[in-house]
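Read-outs: derived from the displayed coordinates by stated rules, not from any lab. Nothing here was measured: the structure is a model prediction, and the numbers come from that model. FYI the Cβ positions are ideal-geometry reconstructions off the backbone, even for glycines, and counts take in every protein chain you see.
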Amino acid sequence: MIYLLPIISAFIGWLTNYLAVKMLFHPKVERNFLGIKVQGIFPKRQQAFAQKLGILVSDELLSFEDISSQINSPKTQEEVLPIIDEKIDDFLNNKLGKQIPMLSMFLGKESVAKIKATLMNEFQDSLPEILERLSSSIQKDLDIHSLVVEKVSNFSSDKLEEILYGIMKKEFRFIEILGAVLGCIIGCVQLAIISFT
C-alpha cells in the first residue's frame, strides 16, 4: 500500500491543478459555500478584463491613427478611383439617358467622354480631402476602447470560456500534467523518507 504513495500523490497533484484551472471559469455565478462567496475568476473579473483589453486594443494594437493613415493612404486612393470611374461610366452611359432622355439625345460619345474625364479629374483632386473628412467623421463616432469594452462585457460566460480555452488549451493541459509530475515527485520523496526511517 505504501508503494502507491507516488501514484496517489500524482493523482492529488493533477486533481488540485485541474480544479484550479476549472475554478478560473466556474462557478459562473456567485455561490455561497459555508458562508464563503465563491465565483470563477474570469466571470467575476469580466468587467475589469474588458476594461484592460479595451485599453490594450485602443492604445497598443489598433489606435485610430493607424486606421486614419490607412484610410488616407495612396493605396486606398488607388483602390477607390477605379470604383468611382466605374460608377461615373455607368451613370453617363445608362442612368443619365433614363433620367433625362432629352439630354442624352444631344450628347454624343465624345461629349460623354469629356464629361467623364472632367468629373474624374475633379474626383481625383478632391479624393484626399474627401478621405480626410471621412476619417475625421469616423474618429468622432468611433470609440475603439468603448466598443471593445462593450463587446467583451456582453460576452456570455460560456463564450468567454470558449475563447480563452481556445487560446490557452495547451497551457491549461500543461498545468494539469505539471501538477501530476510534481505530485509524483513529492510522493517518491515521501516514500524514500518512510523507507529510510
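Key figures for this structure:
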item: Approximate spin-label separation R173-S136, in nm, with each point projected 7 Å along Cα-to-Cβ; result: 5.4 nm
item: The chain, relative contact order in percent, only Cα pairs under 8 angstrom and at least six apart counted; result: 49 percent
item: Positive dipole terminus of the stretch 2-196, leading residue within Q124, L34, I55 (C-beta point charges); result: L34
item: Within a Gaussian network of the chain (alpha carbon springs, distance under 10 Å), most fluctuating of F25, F49, F123; result: F123
item: When each of K44/K140; K75/K151; K28/K151; K28/K169; K98/K140; K28/K170 is checked by Cα-Cα distance, pairs over 29 Å; result: K44/K140; K75/K151; K98/K140
item: log₁₀ of I(q)/I(0) at q = 0.12 Å⁻¹ - the stretch 2-196, Debye sum with one point per alpha carbon; result: -0.84
item: Choice from E30, E150, E161 with maximal GNM fluctuation in the chain (Cα, 10 Å cutoff); result: E30
item: Dipole-positive endmost among L191, H145, F91 within the chain (Cβ charges, Cα centre); result: L191
item: Magnitude of the charge dipole, the chain, Cβ model with Lys/Arg +1 and Asp/Glu -1, debye to 20; result: 1060 debye
item: Ranked by how many other beta carbons lie within 10 Å on average, peptides 135-144, 180-189 from highest; result: 180-189, 135-144
item: DSSP H segments from the chain that extend 27 Å or more along their own axis, Cα-based, with Kyte-Doolittle mean of -1.0 or above; result: 109-141, 157-196
item: Placed amide H near R45: partners under 5 Å, 5+ positions off or other chain; result: none
item: Residues K44 and L147, FRET efficiency given R0 of 41 Å [Cβ-Cβ distance, rounded to 0.05]; result: 0.95
